[in-house]
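What follows is a set of notes on a single structure, which appears directly below.
The values are calculated or read from the model by the stated rules, or taken from the named source; none is laboratory data. Fair warning: this is a prediction, and the values are worked out from it, not measured in the lab. Here the Cβ is made from the backbone with ideal geometry for all residues, glycine too, and neighbour counts use every protein chain on show.
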Amino acid sequence: MGSLAWQRSKGFRVQRLQFHPCGNFNETYEQELTIFETDFGRLCLLGGLLVLFGIIPFLSHAYILYVINIIGIYAIAAIGLNLLIGYTGQISLGHGAFFGVGAYSAAILATKANCPFLIAIPLAGLITAVVGMAFGIPSVRLKHLYLTIATLAGQFILEYVFVQWGGLTGGAEGISIPTATLFGIDLGTDRTFFFVIFICFTVMTWMAVNLIRTRYGRAFIAIRDNDRAAEGMGIPIFFYKLLSFAISSFYAGLAGGLFAYYMISITPEPFNLWLSIEFIAIIIIGGLGSIPGSVFGAIFIITLNEILGHATEFLMNIGASIGLGITIAPLREFVYGLAIILFIIFEPKGLAEVWRIVRSSFRLWPFSY
Amino acid sequence: MENNTLLQINNISVVYSDVIQILKGVSLDVTRSQIVSLLGSNGAGKTTTLKAISGLLKPENGKVTEGTINYRGHNIQNSAPEAITRLGIIQVLEGRQAFKYLTVEENLRVGTATRWGKPYRKDLELVYHYFAPLVARKHSLAGYCSGGELQMLVIGRALMAQPRLLLLDEPSLGLAPLLVKEIFEIVRRINEEQCTTLILVEQNANMALQIAHFGYVMENGRIVLKGDAKDLRENPDVKESYLGVAASGTIKSYGDVKAYKRRKRWL
Amino acid sequence: MEFFLQILINGLSIGFLYALAALGFVMIFKSSSVLNFAHGELMALGAFLFLVLSTWARLPIVLALLLTLIGSFSLGFVIERFFLRPLIGEALIEVIMLTVGLAIMFKGLMLFIFGGDIHSYPEFLPKALAFHWGAVEVPGVYVASFLAGLIFLALFGFFFKYSSQGIYMRSVADNQRAAMSLGVHVRRVFALSWAIAALVCAMSGIVLGIINGINVHEVSSIGLKVFPVVILGGLDSIGGAILGGIIIGLLETFTGGYISTALREVVPYIVLIIILLIKPYGLFGLAEIERV
């Protein structure tokens with residue numbers, strides 16, 4: 001084995017810090033399931049968490065922090081969607097609306113029921129999970145395209161409810177939410193909210209990664225790969241499909257709740273089909289069936305969005321200064337669509353695959369094989 | 001290459017999905033205007049051989065990895081099915097795969113795809129001439145036809161393409177013995193009257209060897225026996241394994257069956 | 001009573017429009033099983049092409065129409081060749097997202113060129129088409145769209161029933177492997193189905209433009225309406241698409257007329273979910289036969 005190991009004495013026990021061996025050959029199921037193959041991975045995670053919580057919020061500019069916060073919120077929702085689409089194979093076009101359900105639940109709980117932040121957020125997730133399950137019911141009999149369209153219908157119906165149920169949702173004007181406080185700390189600033197979002201993010205990611213390793217995760221994957229065979233193996237597929245819808249919606253709802261508190265006021269507008277599509281774009285570009293992929297996808301899409309926004313603004317200013325009255329804003333959509341297309345055609349496995357390739361070529365750098 | 005050899009397969013290997021090897025060096029020759037029958041048990045590689053010829057391996061993720069298939073001077077291994085069919089090789093798929101939601105006549109018209117735009121009336125008449133029962137069902141959906149009619153339909157459909165080489169995959173599958181006899185008789189007549197060369201894959205070895213001129217026996221992706229149909233009918237191994245007649249009338253010990261297999265072991 | 005009749009006529013004509021739009025959709029789905037989310041954008045592209053040719057280039061209407069149809073036919077070919085062919089055999093969701101990407105791209109392009117305003121065609125329909133029936137007024141555009149729809153349906157019926165290419169296309173939809181074994185050029189059939197679908201889209205986009213004027217956002221939202229229509233009728237049935245279009249059209253106008261205008265937009269989707277729960281393959285769709 002080409003592992004670099006250094007030893008550390010701890011009483012009588014000798015513990016080895018494992019670095020990456022040469023090649024992968026898993027002999028047991030446990031090996032297959034491990035999250036970290038080596039201690040190096042664990043160290044990286046520790047370092048990453050330290051940088052995330054210890055350095056980023058104190059170094060970053062307010063705007064960059066805002067972007068990072070949005071990435072965090074989107075990543076939580078995208079992980080949920082990836083559990084549904086990437087792991088269970090049920091395509092949903094209603095994730096944007098579920099995100100909205102979470103946002104509205106949190107807002108209503110905060111304003112009408114005076115719920116504290118700590119309770120409103122998980123409760124928003126639970127409410128969304130119930131709604132998501134209700135819209136997952138058609139999956140009993142529907143598959144593939146038909147289910148996709150049924151969730152599309154769910155998206156439109158929920159959008160209608162957001163606008164029309166004025167008494168609860170404030171109609172087109174929306175709801176304003178008071179700033180949240182947590183243990184007496186004011187969460188009104190980007191920096192304090194950063195910690196809230198990324199603690200949630202870490203916990204939710206940790207849960208998702210572990211969920212996949214349980215019998216539930218295996219059942220999801222079995223349903224994705226062949227639902228008939230899964231049924232034949234004794235997996236109650238309807239239960240697991242509903243469970244998958246519920247879990248995925250819980251993620252969306254939780255992210256939506258955070259979004260509502262972060263944005264302070266919400267309107268029905270952002271939670272449209274476009275948002276659902278954006279979430280799917282995130283997980284496709286990131287990589288279907290990959291938790292880190294969802295995070296990469298969120299980083300990519302949000303960054304692309306912001307860059308395109310600034311680029312069009314910049315071009316508009318130039319256009320205005322030389323007297324060209326054309327609107328360049330739509331070009332942003334054009335590039336966005338093109339990016340999705342190019343990704344699907346040239347990197348269908350997504351950023352997760354790119355990451356894997358990069359990692360494996362650096363694994364034994366500079367002496368690879 | 002002899003002039004009256006229509007198709008020559010040289011030592012081909014076929015691999016599916018880059019891992020599963022089905023054919024391990026198959027060679028066979030098909031003489032012009034003859035019926036060649038390909039016998040063998042299930043999974044021996046007969047259908048795969050046909051698909052390798054007709055190019056239908058591709059959509060199933062299969063590939064000819066070694067060897068050549070030579071058809072009238074063209075090397076056609078791994079060509080697209082569109083190109084191969086236009087050279088005059090038509091495969092009749094196993095299992096009577098008619099277009100269920102098209103009428104019988106529309107089904108036949110699909111057969112003209114290789115020579116789109118040319119008149120096809122004469123061919124229709126020819127098909128109806130050979131397969132008279134189809135005339136009555138002309139305008140009904142193929143999905144409602146009986147098994148025998150469907151088999152006639154798919155053979156007729158292939159005939160519409162005016163093939164030089166017709167690949168028939170198990171035409172007798174699931175048909176009544178009398179019907180099988182009728183269809184084989186028609187196939188023989190087509191061969192005689194239209195000079196169409198045929199490769200016939202069959203489980204019903206008895207029937208196949210009656211109309212064929214030449215035969216090959218396949219096992220585990222290899223050709224294990226070949227010869228004139230007449231000789232094959234007399235071959236004790238073939239009799240034992242495929243024709244269901246024990247040579248001496250008594251049950252032999254397992255060690256005695258399949259002499260070629262024992263020979264092979266020492267080669 | 002007059003109100004009822006007026007709504008009925010409105011509903012029928014809108015339904016007919018949906019049916020026409022759904023035709024192109026069903027065509028793509030039937031031959032290549034691709035769920036096209038760029039449908040509304042294809043309609044808008046056709047409508048704008050006609051606008052450019054008829055009002056900006058000032059070509060005669062018939063010539064402009066012909067050029068539009070040819071242009072969108074070629075566009076369909078190009079889309080299939082460059083965007084969809086690399087994805088043959090990929091997962092469903094990737095193909096769906098590809099069409100979504102196309103939709104976003106086309107929309108951005110059109111907004112860039114034409115902006116978000118409503119454009120309208122010059123009046124070119126003969127006045128004689130409009131007629132009154134008691135107090136009920138039937139505008140000329142409705143009659144024209146109805147006629148255009150009928151002509152297209154007849155053409156399609158003829159094409160699929162009698163022409164060789166039409167029969168080949170149906171054979172691919174029916175049994176792709178068998179079609180391939182007979183030498184049907186399957187990839188060409190896919191390309192052709194996209195081309196024809198783009199042509200039908202352009203046609204329905206033009207009709208829509210004549211009735212409502214063309215606005216990128218509005219036309220592309222009609223593209224999404226196609227989903228309840230085709231699901232209602234069953235994804236693979238042309239007759240079902242027509243009936244589904246008319247049902248959805250009537251449902252919308254009657255809800256809009258008698259209940260509330262806001263509900264009008266979601267009613268198709270509510271009905272869609274109910275129908276899918278009762279009949280998972282739509283009203284006329286073929287049940288998928290699954291074998292393990």
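Remarks
- The residues of the stretch B:63-89 that are part of a strand (DSSP E or B), more than 13 Å from chain C (Cβ to nearest Cβ) and in contact (Cβ under 8 Å) with a residue 24 or more places away in the chain, listed by number, are B:Lys63, B:Val64, B:Thr65, B:Glu66, B:Gly67, B:Thr68, B:Ile69, B:Asn70, B:Tyr71.
- In the stretch B:7-48, the residues that are under 15 Å from B:Gln203 (Cβ atoms) and under 13 Å from the mean Cα position of the chain (by Cα): B:Ser37, B:Leu38, B:Leu39, B:Gly40, B:Gly45, B:Lys46, B:Thr47
- Breaking point among (1) closer than 30 Å to C:Leu109 by Cβ; (2) in contact (Cβ under 8 Å) with a residue 40 or more places away in the chain, for C:Arg188: (2)
- Residues being in contact with a strand residue (DSSP E or B) (Cβ under 8 Å, 6 or more places away or on another chain) and basic (Lys, Arg) - total across the stretch B:158-190: 2
- Test: residue in the stretch A:330-341 that is outside any helix (DSSP H, G or I), out of contact with any Ser or Thr (no Cβ under 7 Å at 6 or more places or on another chain) and either more than 23 Å from A:Ile277 (Cα to Cα) or at pLDDT 80 or above (or both): no
- Boolean, C:Phe73 is part of a helix (DSSP H, G or I) and of a type in the set (Phe, Trp, Tyr): yes
- Yes/no for B:Val30 being under 25 Å from B:Ile190 (Cα atoms), in contact (Cβ under 8 Å) with a residue 40 or more places away in the chain and touching a helix residue (DSSP H, G or I) at 6+ places or on another chain (Cβ under 8 Å): no
- Every residue from the stretch C:210-249 that is under 17 Å from C:Met110 (Cα atoms) and facing another protein chain (nearest Cβ under 10 Å): C:Val216, C:Ser221
- Leading residue by the ranking (farthest from the chain's Cα centre (by Cα)) among those in the stretch C:7-37 that are part of a helix (DSSP H, G or I) and aromatic (Phe, Trp, Tyr): C:Phe29
- Some residue of the stretch B:109-130 being within 14 Å of chain C (Cβ to nearest Cβ), among the small types (Gly, Ala, Ser) and surrounded by fewer than 20 Cβ atoms within 10 Å (Cβ to Cβ): yes
- Close pairs (9 angstrom Cβ cut-off, 6 or more residues apart or separate chains): free of Cβ contacts under 8 Å to residues at least 60 places away in the same chain in the stretch A:285-307, of a type in the set (S, T, N, Q) anywhere: A:Phe296/A:Ser290
- Any chance B:Ala52 is under 19 Å from the mean Cα position of the chain (by Cα) and buried (at least 24 other Cβ atoms within 10 Å of the Cβ): yes
- Residues (more than 9 Å from chain C (Cβ to nearest Cβ) and not hydroxyl-bearing (Ser, Thr, Tyr)) located in the stretch A:127-160: A:Ile127, A:Ala129, A:Val130, A:Val131, A:Gly132, A:Met133, A:Ala134, A:Gly136, A:Leu158
- Meets criteria (in the same structural domain as A:Ile119 (by TED's automatic domain parsing), without any contact (Cβ under 8 Å) to a residue 24 or more places away in the chain and under 25 Å from A:Leu83 (Cβ atoms)) for A:Arg215: yes
- Checking each residue in the stretch C:98-144 for being hydroxyl-bearing (Ser, Thr, Tyr) and either at pLDDT below 75 or surrounded by fewer than 16 Cβ atoms within 10 Å (Cβ to Cβ) (or both) picks out only C:Ser120.
- The residues in the stretch C:11-25 that are farther than 21 Å from C:Glu137 by Cα and in contact with a Gly (Cβ under 8 Å, 6 or more places away or on another chain) can be counted, and the count is 5.
- Listing of helices (runs of 4 or more DSSP H) fully contained in the stretch A:65-173 that carry 3 or more residues being over 30 Å from A:Arg191 (Cβ atoms): A:117-136, A:144-164, A:166-169
- Helices (runs of 4 or more DSSP H) wholly inside the stretch B:97-158 containing at least 3 residues that are closer than 18 Å to C:Ile167 by Cβ: B:104-110, B:121-130
- Summed over the stretch B:131-150, residues that are farther than 22 Å from B:Arg189 by Cβ and more than 10 Å from chain C (Cβ to nearest Cβ) total 4.
Rundown of residues vs (1) in contact with a His (Cβ under 8 Å, 6 or more places away or on another chain); (2) within 20 Å of C:Ile242 (Cβ to Cβ); (3) of a type in the set (D, E, K, R), yes/no style:
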residue	(1), (2), (3)
C:Gly140	no, no, no
C:Met169	no, yes, no
C:Val172	no, no, no
C:Arg177	no, no, yes
C:His185	no, no, no
C:Val189	no, no, no
C:Cys201	yes, yes, no
C:Ile214	yes, no, no
C:Gly223	yes, yes, no
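- Filter pass, C:Arg170 being surrounded by fewer than 18 Cβ atoms within 10 Å (Cβ to Cβ) and part of a helix (DSSP H, G or I): no
- Within the stretch C:175-204, tally of residues that are in contact with a Lys or Arg (Cβ under 7 Å, 6 or more places away or on another chain) and in a loop (DSSP other than H, G, I, E, B): 2
- Restricted to the stretch A:161-182, and to residues there that are among the aliphatic types (A, V, I, L, M) and more than 14 Å from chain C (Cβ to nearest Cβ), the residue that is surrounded by the fewest Cβ atoms within 10 Å (Cβ to Cβ) is A:Leu168.
- Tally of residues being free of Cβ contacts under 8 Å to residues at least 40 places away in the same chain and β-branched (Val, Ile, Thr) across the stretch B:167-203: 2
- Residue check for C:Val207: part of a helix (DSSP H, G or I), in contact with a Gly (Cβ under 8 Å, 6 or more places away or on another chain) and touching a residue at least 40 places away in the same chain (Cβ under 8 Å): yes
- Across the stretch C:179-192, the qualifying residues are those that are out of contact with any strand residue (DSSP E or B) (no Cβ under 9 Å at 6 or more places or on another chain) and buried (at least 24 other Cβ atoms within 10 Å of the Cβ), and the one among them that is farthest from the other protein chains (Cβ to nearest Cβ) is C:Ala179.
Residue-wise test of (1) within 23 Å of A:Ala246 (Cα to Cα); (2) small (Gly, Ala, Ser); (3) buried (at least 17 other Cβ atoms within 10 Å of the Cβ).
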site	(1), (2), (3)
A:Glu159	yes, no, yes
A:Ile185	no, no, no
A:Phe194	no, no, yes
A:Cys200	yes, no, yes
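- Hey, A:Leu315 among the hydrophobic types (A, V, I, L, M, F, W, C) and either in contact with a Gly (Cβ under 8 Å, 6 or more places away or on another chain) or at pLDDT 85 or above (or both) or not: no
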